[in-house]
Amino acid sequence: MSRGTKKASHSRLPMIAQAGPVSLWMILFVTIPMLFIIFISFMTRGTFGGVEYTPTLTSYKTLADVIYLNVILKSLRVAVVTTAVCLLLGYPFAYYIARKPADVASRLIMLLMIPLWTNSLMRLNAWMLLFQTNGPVNKALLALGLVEKPVMFLYTDGLVLLGLITNFLPFAVLPMYSSIEKLQNAMLEASADLGAKPSTTFLRVTLPLTFPGIFSAVILTFIPALGTYTITDMLGGGKVLYIGNIIKNQFGTIRNWPLGAALSVLLLLITALLIFIYSRFASIEDMEVM
Amino acid sequence: MSDSIVSIQHVDKWYGNNHVVKDMNLEIREGEFLTLLGPSGCGKTTTLRMIAGFEDASSGIIEVQGERVEEKEPYQRDVNTVFQNYSLFPHMSVYDNVAYGPSIKKVPKDEIRRRVEEMLALVQMSGYEKRKPDALSGGQKQRVAIARALINNPRVLLLDEPLGALDLKLRKQMQIELKRLQKKLGITFVYVTHDQEEAMTMSDRIAVMRDGIILQIDSPLEIYDHPNCRFVADFIGESNILDGKVHSISGNLMQVETPCGIIKTCGEGFTVGETICVSIRPEYLSVTHEPKDGFTVRARVKDFIYMGTVIKTSLDLDSGQELKFSRFETDPDLHEGDERYLYWDPAKSVPIHLEASEVQA
């Protein structure tokens, strides 16, 4: 017994050495700020910004306001559409890459990643230049006679959606690629051998076995798409409001920190819910697709 | 070909410039246990995969039950495969894995349940229905993989080195079980292995392959006793192979002159002066103090290897070639360094045309 405990304390030291620094970092820079955000969401707004430490539920009551509710719903809708489009475009592409020889696959992934290496503000500015009223896209459309007068692309929901999709597509492709790449060809052969048509094999073998990648793609697309503000801010021009812009505004110009914090907590809850669902599926594993 | 269930006619398979199966002709009989045996890269797995439909033949005809299948997809063929690494679906329970085939064919649920239970009982895996493949041992996975294939009542079961990943003891046990299962069900088994002992244990017939060619196809006994080429003699079991020239022929008895002396063997169709080799199994080789029966090859005892049931004795010829003979008991009269003369019953040795290794059986 005493020997056992001694052994346990012995093995704890390297464990602390390994996990300690990261744990400390996470506690200092993630957990504590997060708890602070939750804390101030229950406080009163200061007259000139900042927080007065008087507990209140005002911020959460404000969230229930139709204006905010609409913004939240709209943000959710846009995030869902972004995610769905990223999955629908990304899965076949990921599948295509994963079935290529390793050297070809790595080159294709490279191509996919290159846009991500450019500064996001530069990318967005380029988009704005492309899509402005007398930009190349409009000029081309006019020249082709497809439209009679320039289209107002900028500051529309459509362009925001396009921006979101292009921005997050690589994040959807990569996890799905790694899942599909792990899928052994022998699994597909076994399914075909047992009489399954390719479509049946896809639904009953490929899809369930690559589900972890799909769900990672959902999380990596949906959550940032829901919270983003640079894309919505620049391509939406602040005219179209999303949850990310509102949070930014509450901490910036409007100076209602508790409300901004409450909105952040809401995003956090949605994220937590998704991860909870994921962990459920991951542990059950035998989800029925058909 | 009324009794052949799989017929392979003039099949070639190329991977780029690599000719892996060369003009293969093979008739697999209904209900037999046929093994494709050969070293890795001999084309045995490719042949199996062409029957299953995972590989297309570059040219030639493949028939299953008298029907041409080259154009058919794997899911349209009435053969099932037991894969090398089991390939069980990891996201499904044992039950769902076995039920996969019939569930695709829309068999009623009650019927599926009955058949899954029957199959799991057959492979002695009843009670494991709810387990995931990850929670099974290698041998158990193999049993499930066999059940999953057999539940579809295939006319032909293809097995691609199914026991390769198991330890020796379990492998031996599964060999016997597989053989009994095959006899009981009367299904044709086409079995791929590189393990000649496994092939000998289980098969009704063995097709020995090398470099995309079937060298010999026969019963294990026939292949063992009458290998038709040097490669087969060497690959199946242990063999002492002596090169020489036919010195004289009387009837079917031949005297063969080797670099180390005269030996005798029995065979037909040879000519005086022909360069041949003679294969003699370790259990038929004997030694004596003085030259005997016209044998004049001298050898020196090198060492003894105790194998458990048999004792193997290594002998050095004057040419430096090493021969072996095996006995159940030690010979008290034999010591390391002793000089002896070889002899054997000429009928127990096999003369082999040298060019036979290049000609398909």
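The values are calculated or read from the model by the stated rules, or taken from the named source; none is laboratory data. The structure displayed is predicted, hence computed values, not measured ones. With ideal geometry, Cβ positions are generated from the backbone for all residues, glycine too; neighbour counts draw on all protein chains shown.
Of all residues in the range B:314-354, which are surrounded by 17 or more Cβ atoms within 10 Å (Cβ to Cβ) and assigned to a helix (DSSP H, G or I)?
Across the range B:314-354, the qualifying residue is only B:Pro346.
Kindly provide the set of residues from the range B:108-134 that are surrounded by fewer than 17 Cβ atoms within 10 Å (Cβ to Cβ) and either on the phi > 0 side of the Ramachandran plot or within 11 Å of chain A (Cβ to nearest Cβ) (or both), ordered by number. Explain how you work it out, then say what you get.
From the range B:108-134, those surrounded by fewer than 17 Cβ atoms within 10 Å (Cβ to Cβ) are B:108-111, B:113-114, B:117-118, B:121, B:124, B:126-127, B:130-131, B:134; that's our starting set.
Residues satisfying the conditions are B:Gln124, B:Gly127, B:Lys130, B:Asp134.
Among the residues of the range A:205-240, how many are within 14 Å of another protein chain (Cβ to nearest Cβ) and part of a loop (DSSP other than H, G, I, E, B)?
Narrowing the range A:205-240 to residues within 14 Å of another protein chain (Cβ to nearest Cβ): A:205-215.
In the following step, the residues that additionally are part of a loop (DSSP other than H, G, I, E, B) were identified as A:210.
Qualifying residue count, the range A:205-240: 1.
Quick check, is B:Thr35 in a strand (DSSP E or B), in the same structural domain as B:Met200 (by TED's automatic domain parsing) and not charged (D, E, K, R)? Write out each step before concluding.
On the way: in a strand (DSSP E or B): yes; in the same structural domain as B:Met200 (by TED's automatic domain parsing): yes; not charged (D, E, K, R): yes.
Against the criterion (in a strand (DSSP E or B), in the same structural domain as B:Met200 (by TED's automatic domain parsing) and not charged (D, E, K, R)), B:Thr35 qualifies.
Would you be able to say whether some residue in the range A:39-51 is in contact with a Ser or Thr (Cβ under 9 Å, 6 or more places away or on another chain) and closer than 23 Å to A:Val218 by Cα?
no
Counting residues that are surrounded by fewer than 16 Cβ atoms within 10 Å (Cβ to Cβ) and out of contact with any Cys (no Cβ under 9 Å at 6 or more places or on another chain), which strands (runs of 3 or more DSSP E) fully inside the range B:154-253 reach at least 2? Walk me through it before giving the result.
Values: elements: B:156-160, B:188-193, B:205-210, B:213-218, B:240-250.
So the answer is B:240-250.
For A:Ala172, indicate whether it is surrounded by fewer than 20 Cβ atoms within 10 Å (Cβ to Cβ) and away from chain B (no Cβ under 14 Å).
Numbers: surrounded by fewer than 20 Cβ atoms within 10 Å (Cβ to Cβ): no; away from chain B (no Cβ under 14 Å): yes.
No: the conditions fail for A:Ala172.
Residues are listed down the side, and each one gets a yes or a no for (1) within 18 Å of B:Leu354 (Cβ to Cβ); (2) out of contact with any His (no Cβ under 6 Å at 6 or more places or on another chain):
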{"residue": "B:Lys245", "(1), (2)": "yes, yes"}
{"residue": "B:Asn252", "(1), (2)": "no, yes"}
{"residue": "B:Gln255", "(1), (2)": "yes, no"}
{"residue": "B:Glu274", "(1), (2)": "yes, yes"}
{"residue": "B:Gly294", "(1), (2)": "no, yes"}
{"residue": "B:Arg327", "(1), (2)": "no, yes"}
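Quick check on my filter: what residues within the range B:262-282 are surrounded by fewer than 16 Cβ atoms within 10 Å (Cβ to Cβ) and either among the charged types (D, E, K, R) or within 20 Å of B:Arg300 (Cα to Cα) (or both)?
The answer is B:Glu268, and nothing else.
Could you tell me which residue of the range B:135-145 is nearest to the chain's Cα centre (by Cα), considering only residues that are within 14 Å of chain A (Cβ to nearest Cβ) and closer than 18 Å to B:Leu157 by Cβ? Lay out the reasoning, then the answer.
Of the range B:135-145, the ones within 14 Å of chain A (Cβ to nearest Cβ) are B:135, B:141-142, B:144-145.
Imposing the further condition that a residue be closer than 18 Å to B:Leu157 by Cβ reduces the set to B:141-142, B:144-145.
Numbers: B:Lys141: 24, B:Gln142: 20, B:Val144: 24, B:Ala145: 22 Å.
Looking at the filtered set, the residue picked out is B:Gln142.
Could you check, for the range B:293-305, whether at least one of its residues is assigned to a strand (DSSP E or B), touching a residue at least 24 places away in the same chain (Cβ under 8 Å) and polar (S, T, N, Q)?
Taking the range B:293-305 as the starting set, the residues that turn out to be assigned to a strand (DSSP E or B) are B:298-305.
Next cut, touching a residue at least 24 places away in the same chain (Cβ under 8 Å) only: B:298-304.
Checking the rest, the ones that are also polar (S, T, N, Q) come to none.
No - not one qualifying residue is present in the range B:293-305.
Within the range B:72-79, identify whether any single residue is at pLDDT below 95, among the basic types (Lys, Arg), in a loop (DSSP other than H, G, I, E, B) and closer than 14 Å to B:Ala149 by Cβ, and answer yes or no.
Looking through the range B:72-79, at least one residue is at pLDDT below 95, among the basic types (Lys, Arg), in a loop (DSSP other than H, G, I, E, B) and closer than 14 Å to B:Ala149 by Cβ.
Are any residues in the range A:187-199 surrounded by fewer than 18 Cβ atoms within 10 Å (Cβ to Cβ) and within 10 Å of another protein chain (Cβ to nearest Cβ), and if so, which ones?
First, the residues of the range A:187-199 that are surrounded by fewer than 18 Cβ atoms within 10 Å (Cβ to Cβ): A:197-199.
Selection gives A:Lys197, A:Pro198.
Tell me, yes or no, whether the range B:74-82 has at least one residue that is in the same structural domain as B:Leu136 (by TED's automatic domain parsing), touching a Lys or Arg at 6+ places or on another chain (Cβ under 9 Å) and among the hydroxyl-bearing types (Ser, Thr, Tyr).
Yes, the range B:74-82 contains at least one residue that is in the same structural domain as B:Leu136 (by TED's automatic domain parsing), touching a Lys or Arg at 6+ places or on another chain (Cβ under 9 Å) and among the hydroxyl-bearing types (Ser, Thr, Tyr).
State all residues of the range B:287-325 that are among the hydroxyl-bearing types (Ser, Thr, Tyr), more than 28 Å from the chain's Cα centre (by Cα) and either under 11 Å from B:Trp344 (Cβ atoms) or at pLDDT 90 or above (or both); if no residue qualifies, say none. Working first, answer last.
Of the range B:287-325, the ones among the hydroxyl-bearing types (Ser, Thr, Tyr) are B:288, B:296, B:306, B:309, B:313-314, B:319.
Filter once more, so that each one left must be more than 28 Å from the chain's Cα centre (by Cα): B:288, B:296, B:319.
Listed by number, the list holds a single entry, B:Thr288.
Checking the condition away from every other protein chain (no Cβ under 14 Å) and among the hydroxyl-bearing types (Ser, Thr, Tyr), which residue from B:Ser103, B:Ser93, B:Ser59, B:Ser87 passes?
On the way: B:Ser103 fails: away from every other protein chain (no Cβ under 14 Å); B:Ser93 fails: away from every other protein chain (no Cβ under 14 Å); B:Ser87 fails: away from every other protein chain (no Cβ under 14 Å).
After applying the criteria, what remains is B:Ser59.
Residues of the range B:92-126 being assigned to a loop (DSSP other than H, G, I, E, B) and within 32 Å of the chain's Cα centre (by Cα), which ones? So that I can check it myself, show each step before the final result.
Here is the first cut: in the range B:92-126, the residues assigned to a loop (DSSP other than H, G, I, E, B) are B:92-93, B:105-108, B:123-126.
Hits for the range B:92-126 are B:Val123, B:Gln124, B:Met125, B:Ser126.
Looking only at the range B:292-311, which residues are under 22 Å from B:Thr265 (Cβ atoms) and surrounded by 15 or more Cβ atoms within 10 Å (Cβ to Cβ)? Even if it seems obvious, please write down each step before you answer.
Going through the range B:292-311, the residues under 22 Å from B:Thr265 (Cβ atoms) turn out to be B:292-299.
Scanning the range B:292-311 gives B:Phe295, B:Thr296, B:Val297, B:Arg298, B:Ala299.
Report, by residue number, each residue of the range A:15-57 that is at pLDDT 85 or above, within 28 Å of A:Ile254 (Cα to Cα) and among the small types (Gly, Ala, Ser).
Across the range A:15-57, the qualifying residue is only A:Ser41.
Keeping to the range A:103-122, report how many residues are in contact (Cβ under 8 Å) with a residue 40 or more places away in the chain and of a type outside the set (A, V, I, L, M). Before the answer, list the steps.
To start, the set of residues in the range A:103-122 that are in contact (Cβ under 8 Å) with a residue 40 or more places away in the chain comprises A:105, A:109, A:112-113, A:115-116, A:120-121.
So of that shortlist, the ones also of a type outside the set (A, V, I, L, M) come out as A:115, A:120.
Final tally of qualifying residues: 2.
I'm told B:Gln140 meets every condition in (1) within 25 Å of A:Ser179 (Cβ to Cβ); (2) free of Cβ contacts under 8 Å to residues at least 40 places away in the same chain except one. Can you identify the failing condition by its number?
Every listed condition holds for B:Gln140 apart from (1).
Okay, residues lined up against (1) without any contact (Cβ under 8 Å) to a residue 60 or more places away in the chain; (2) closer than 22 Å to B:Ser4 by Cα; (3) assigned by TED's automatic domain parsing to the domain that holds B:Asn25; (4) in contact with a Phe, Trp or Tyr (Cβ under 9 Å, 6 or more places away or on another chain):
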site: B:Met209; (1), (2), (3), (4): no, yes, yes, no
site: B:Ile223; (1), (2), (3), (4): yes, yes, yes, no
site: B:Ile249; (1), (2), (3), (4): yes, no, no, yes
site: B:Met254; (1), (2), (3), (4): no, no, no, yes
site: B:Pro259; (1), (2), (3), (4): no, no, no, no
site: B:Thr265; (1), (2), (3), (4): no, no, no, yes
site: B:His289; (1), (2), (3), (4): yes, no, no, yes
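Just one of (1) touching a helix residue (DSSP H, G or I) at 6+ places or on another chain (Cβ under 7 Å); (2) in a strand (DSSP E or B) trips up B:Glu63, so point out which.
Status for B:Glu63: all satisfied but (1).
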